[in-house]
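S.K.: Mind looking over this structure? Questions follow.
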Number of protein chains: 2
Amino acid sequence: MDAELIAAVRRFNRTVTQRVGALDDEYMARGRPLAQARLLWEIGPGGAEVAALRARLGLDSGYLSRLLRTLEGDGLVTVGPADQIGGDGRVRSAALTETGQAEWTELDKRSDEFAWTFLEPLNAHRRQRLVAAMAEVERLLVASMVVIAPCPPSDPRARACVRAYAREVARRFDAGFDPALSNPVHDDALVPPAGVFLLATLNDEPVGCGAVKLHRDAPAEIKRVWVSDAVRGLGLGRRLLGELERYAADRGWNAVRLDTNRNLTEAIALYRAVGYREIEPYNTEHYAHHWFEKSVPDGT
Amino acid sequence: MDAELIAAVRRFNRTVTQRVGALDDEYMARGRPLAQARLLWEIGPGGAEVAALRARLGLDSGYLSRLLRTLEGDGLVTVGPADQIGGDGRVRSAALTETGQAEWTELDKRSDEFAWTFLEPLNAHRRQRLVAAMAEVERLLVASMVVIAPCPPSDPRARACVRAYAREVARRFDAGFDPALSNPVHDDALVPPAGVFLLATLNDEPVGCGAVKLHRDAPAEIKRVWVSDAVRGLGLGRRLLGELERYAADRGWNAVRLDTNRNLTEAIALYRAVGYREIEPYNTEHYAHHWFEKSVPDGT
DNA sequence: CCATATACCTGACCTTAGTCAGGTATATGC
DNA sequence: GCATATACCTGACTAAGGTCAGGTATATGG
């Protein structure tokens, strides 16, 4: 741990996040309790389902209900059944009344004004620099906010990742990608104890994935490592690979291997960088040009 | 107002300040109420006077007393008379007990760990970039956190600024600076209605100043514009000049003038940039080589 | 159709944060 | 030495944030 870097981050946390965060809250609140203001904001002009609000704001179900009743009492919000056709009759949905819309617009305006207080004292050149630096901080902090956790391959978020993976290889392989020509991977093989599917999420949105199959009497096999464009270049691929290797190692496997297409050059570079070495083909995957193996240290 | 820049700042506020700020609080709190944890932190290994804590944390006097009693009750802090020799007998000072010291060290360690969570997933190169971007954001946000307000020239913070100003010109003038050779400025001339002294503060620390004398039957005269190294290059000098000009204009003066030394090149560049034009000498200031004047629009 | 799960709700309750009106002891200007 | 200000304190009070144990209505798997 580099003490100087840590000190710099701490200074930033103190002066920027604490101070700006507190001011932002004040602007947002406008005399109203902050929790109410935030909720009003999250409901937004388009309305939102109660469950979604609960998840986004991380509130207790009872607490959220009470907040909604208060906003209803103030004539800012109406809560009614979510009117999806044939939808779940228990689900309810909150929408802004006309007064609520006006209030939301006011909040939006004040948020703009608050942001402007940072830009206003600067000249055009420094404004650009500030915004660029903010974007850089934001992007690099994203790396620490990505959560990697096991997930059933049947989960809609997992499916979304695999579809994105397929779309990407279709775009990059020389002759597209036809799943029928490729060795199939069954869900069952990616569910413990046969293997695992890891999902990487950023604020609960899927941004990457990876899977490993624990073959009987053979090295474990890594499949479907994919990282969303939004978070590429932040070391997520490396982290996913590491977690998959550790998963296999912890369960007694001492080597992992994988196949890949020659067009995925950054992936190949990554494999080499983290210690994979090229081996003879161990399967007949139609789209593979390279096969790699890495021995993984015992998990004990 | 540039909508794109504003949107970028708002995104930053949302993802960085809100999220990181909230996490930082959690780390800090460790099960203890946040206000207590913050107070414990602010007391620090060296102890602190109660008044200083009140100012730094912005707490109500009664509330702070109660927090101190709680920490005392938990055996973390002792509060006793501030033992300055011949000091004010009303002033009291808080210090950490041994347990309190241990707790403080733990908070410090956790703060380090929290900062490390941002750095850890990045490689060395990106760590440097993150820290550099954070420093840039911090520096540019400072501009919006500087508060300019009138202040009696006898205020200790005003005196500190004027001393810093004198030190700086002593360093930069060709033959040093001897106040006895320079036209004196009396405090009375910088107190309304004769004139005003403006103090620029950042978190209540003085970081700049400027004064204007409202001469009878003559243009107003700007004196002692100084900006601390810590905030130089953020447009504070320009802001101070603008406020001084407005002060004079609002009171019926339609021109301001000032004298300056040839070595203060950035100041001279600033004067020209904001509309001052060079005039014949209007006084016999020993250290002046240039005299400037600007007409200021009526305040009505 | 029954058992169980889920989505949302209500009521009871608690802690934390913070304000305000005095109170006591010391300092300060005249 | 008196009036007034100041530094810190106590007690009474309030609002906000939040938890928890049920309750009701709808969904779901067998």
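The values are calculated or read from the model by the stated rules, or taken from the named source; none is laboratory data. The structure presented is a predicted model; accordingly, all values stated were derived computationally and were not measured. Every residue, glycine among them, receives a Cβ derived from its backbone with ideal geometry; neighbour counts consider all protein chains shown. SASA here: full protein model, heavy atoms, side chains in, ligands and nucleic acids out. Shrake-Rupley method; radii C 1.70, N 1.55, O 1.52, S 1.80 Å.
S.K.: Return the sequence-ordered ³J(HN,Hα) values of segment B:185-191 in whole Hz as given by the Karplus equation 6.51 cos²θ - 1.76 cosθ + 1.60 applied to θ = phi - 60°, using x for Gly and Pro.
M.R.: With the stated coefficients, segment B:185-191 comes to 10, 8, 3, 3, 6, 10, 10 Hz.
S.K.: Now for a different question. Assuming 0.692 mPa s and 37 °C, estimate D for the protein assembly as shown with Stokes-Einstein, Rh taken as the Kirkwood radius over Cα pairs, in µm²/s.
M.R.: For the chosen part, D equals 111 µm²/s.
S.K.: In a Gaussian network model over chain A where Cα atoms closer than 10 Å are linked, find which of A:Arg239, A:Arg11, A:Arg129 has the largest mean-square fluctuation.
M.R.: Highest fluctuation among the options: A:Arg11.
S.K.: Give the cross-link partners of B:Lys213 among the lysines, using a straight C-alpha distance below 19 Å as the criterion and excluding same-chain residues fewer than 8 apart.
M.R.: Cα-Cα hits under 19 Å: B:Lys223, B:Lys294.
S.K.: Still on this structure, please answer the following. To the nearest 100 Å², how much accessible surface do chains B and A cover up together, summed over both, with a 1.4 Å probe?
M.R.: Adding both sides of the contact gives about 5300 Å².
S.K.: How large is the charge dipole for segment B:3-121, taken about the Cα centre, if only the Cβ atoms of Lys, Arg (+1) and Asp, Glu (-1) carry charge, to the nearest 20 debye? Each step should come with its number before you reach the end.
M.R.: On the way: 15 positive and 18 negative charges, 105 e Å.
Charge dipole of segment B:3-121: 500 debye, to the nearest 20.
S.K.: Follow-up. Once phi is turned into θ = phi - 60°, what whole-Hz ³J(HN,Hα) does the Karplus curve with 6.51, -1.76 and 1.60 give for every residue of segment B:142-152, x standing for Gly and Pro?
M.R.: 3, 3, 7, 9, 7, 10, 10, 8, x, 7, x
S.K.: From the Cα trace of segment B:55-122, what convex hull volume per residue do you get, rounded to a whole Å³? Before the final figure, lay out the partial values.
M.R.: On the way: hull volume 9.1 nm³, N = 68.
Residue-normalised Cα hull volume stands at 134 Å³.
S.K.: Additional query: Just the isolated ones, please: cysteines in chain B lacking another cysteine beta carbon under 4.7 angstrom.
M.R.: B:Cys151 - these cysteines have no disulfide-compatible partner (Cβ-Cβ under 4.7 Å) in chain B.
S.K.: For the residue pair B:Tyr282 and B:Asp298, what label-to-label distance in nm results when each label sits 7 Å from Cα along the Cα-to-beta-carbon direction?
M.R.: 2.0
S.K.: From the Cα gyration tensor of segment A:70-229, with a ≥ b ≥ c the square roots of its eigenvalues, which class applies: rounded if a/c is under 1.5, or else prolate if a/b is larger than b/c, or else oblate?
M.R.: Details: a/c = 2.81, a/b = 1.52, b/c = 1.85.
Oblate.
S.K.: Quick check on segment B:145-295: of the DSSP beta bridges with both residues there, what percent are antiparallel, nearest 5%? Can you show the working numbers first?
M.R.: Details: 27 of 29 bridges.
Approximately 95 percent, going by the DSSP bridge assignments.
S.K.: Along the three principal axes, how long is segment B:101-193 when you take its alpha carbons, biggest first, rounded to the nearest angstrom?
M.R.: For segment B:101-193, the Cα spread along each principal axis is 60, 35, 28 Å.
S.K.: Expressed as an acute angle from 0 to 90° and rounded to the nearest 10, what is the orientation of the C-alpha long axis of helix A:19-29 relative to the principal long axis of chain A?
M.R.: Roughly 50 degrees, rounded to the nearest 10.
S.K.: Relative to a virtual label point 7 Å from the Cα of B:Ala170 in the Cα→beta-carbon direction, which members of segment B:260-274 show backbone nitrogen distances below 19 Å?
M.R.: Counting backbone N atoms under 19 Å from the label point, the list is B:261, B:263-264.
S.K.: Please report how far the C-alpha centroid of segment A:198-214 lies from that of segment B:241-300, rounded to the nearest whole angstrom.
M.R.: 63
S.K.: Return the sequence-ordered ³J(HN,Hα) values of segment B:43-53 in whole Hz as given by the Karplus equation 6.51 cos²θ - 1.76 cosθ + 1.60 applied to θ = phi - 60°, using x for Gly and Pro.
M.R.: So the J values, rounded to whole Hz, are 4, x, x, x, x, 7, 6, 4, 4, 5, 4.
S.K.: Turning to a different aspect of this structure: Need one value: the accessible area of B:Lys109 in square angstrom, 1.4 angstrom probe, rounded to the nearest 10.
M.R.: My reading of the accessible area for B:Lys109 is about 100 Å².
S.K.: Could you check which residue among B:Gly75, B:Gly195, B:Gly252 shows the biggest mean-square fluctuation in a GNM of chain B with a 10 Å Cα cutoff?
M.R.: For chain B, modelled as a Gaussian network with Cα springs under 10 Å, the answer is B:Gly75.
S.K.: Using a 1.4 Å probe, how large is the accessible area of A:Cys151, given in Å² and rounded to the nearest 10?
M.R.: We get 10 Å² for A:Cys151.
S.K.: Mind checking the dipole of chain B: about its Cα centre, +1 per Lys or Arg Cβ, -1 per Asp or Glu Cβ, Debye to the nearest 20?
M.R.: Working: 39 positive and 42 negative charges, 100 e Å.
Charge dipole, chain B, about its Cα centre: 480 debye, nearest 20.
S.K.: I've got another one for you. Using a simple charge model, +1 on the beta-carbon of Lys and Arg, -1 on the beta-carbon of Asp and Glu, nothing else, what dipole does the protein assembly as shown show about its Cα centre, in debye to the nearest 20?
M.R.: Values: 78 positive and 84 negative charges, 82 e Å.
The dipole magnitude comes to about 400 debye.
S.K.: Right, something else. So, in nm, how far is label B:Trp116 from label A:Ala135 when the simple model puts each one 7 Å beyond its Cα toward the Cβ?
M.R.: Modelled inter-label distance: 3.3 nm.
S.K.: Run the Debye formula on the Cα coordinates of segment B:150-295, all scatterers equal and no solvent, and tell me log10 I(q)/I(0) at q = 0.21 1/Å.
M.R.: Each listed q corresponds, in turn, to -1.61.
S.K.: Taking the dipole about the Cα centre of the protein assembly as shown, with the C-beta of Lys and Arg at +1 and of Asp and Glu at -1, give me whichever of A:Ser154, B:Ala200, B:His125 is farthest to the positive side.
M.R.: B:His125
S.K.: With a 1.4 Å probe and every protein chain left in place, work out the accessible area per residue of chain B in Å², rounded to a whole number. Please report the intermediate quantities before stating the final value.
M.R.: Details: 15200 Å² over 300 residues.
For chain B, the per-residue accessible area is 51 Å².
S.K.: Provide the descending list of Cα extents for segment B:3-121 along its principal axes, expressed in whole angstroms.
M.R.: 58, 31, 23
S.K.: In terms of modelled amide H atoms, which long-range or inter-chain residues lie less than 5 Å from the amide H of B:Gly208?
M.R.: B:Ala200, B:Ser228
S.K.: Would you calculate, for chain A, the mean residue ellipticity at 222 nm contributed by helices, counting each DSSP H stretch of 4 or more residues as -39,500 (n - 2.57) and dividing by all residues, to the nearest 500?
M.R.: Numbers: 10 runs with 137 residues, N = 300.
Dividing the helical sum by the residues of chain A leaves -14500 deg cm²/dmol.
S.K.: How large, in percent, is the carbon and sulfur part of the accessible surface of segment A:3-121 at a probe radius of 1.4 Å? Write down the numbers at each step before the final one.
M.R.: On the way: 3050 of 6100 Å².
Summing carbon and sulfur atoms, their accessible area is 50 percent of the total for segment A:3-121.
S.K.: Mean separation of Cα pairs under 8 Å and 6+ residues apart, divided by the residue count of segment A:105-250: what relative contact order is that in percent?
M.R.: 20
S.K.: For the Cα atoms of chain A, what angle does the longest principal axis make with the long axis of helix A:236-250, in degrees from 0 to 90, nearest 10?
M.R.: 60
S.K.: Can you tell me the relative contact order of segment A:3-121? Whole percent, Cα pairs under 8 Å, sequence separation 6 or more. Please list the in-between numbers first.
M.R.: Working: 105 pairs, mean separation 32.2, N = 119.
About 27 percent, as a whole number.
S.K.: Taking amide H positions as placed in the peptide plane 1.01 Å from N, state which residues far from A:Glu49 in sequence (5 or more) or on other chains have amide H under 5 Å from it.
M.R.: So A:Glu49 has HN proximity to A:Ala94.
S.K.: Hey, another quick one. Under 8 Å for C-alpha pairs, at least 6 residues apart: give me the relative contact order for chain A, rounded to a whole percent.
M.R.: Values: 375 pairs, mean separation 32.8, N = 300.
With pairs under 8 Å counted, the relative contact order is 11 percent.
S.K.: GNM on chain A, C-alpha springs below 10 Å: top fluctuator among A:Arg32, A:Arg14, A:Arg92?
M.R.: A:Arg14
S.K.: Measure out, as a whole number of angstrom, how far apart the alpha-carbon centroids of segment A:132-155 and segment A:1-43 sit.
M.R.: 19
S.K.: Could you tell me, in Å, what Rg and Dmax come out for the Cα atoms of chain A?
M.R.: That works out to 24.5, 71 Å for Rg and Dmax.
S.K.: Roughly to the nearest percent, how much of the accessible area of segment B:145-295 is carbon and sulfur, given a 1.4 Å probe? Provide the component values of the computation, followed by the final result.
M.R.: Details: 3880 of 7510 Å².
Percent of accessible area from carbon and sulfur atoms in segment B:145-295: 52.
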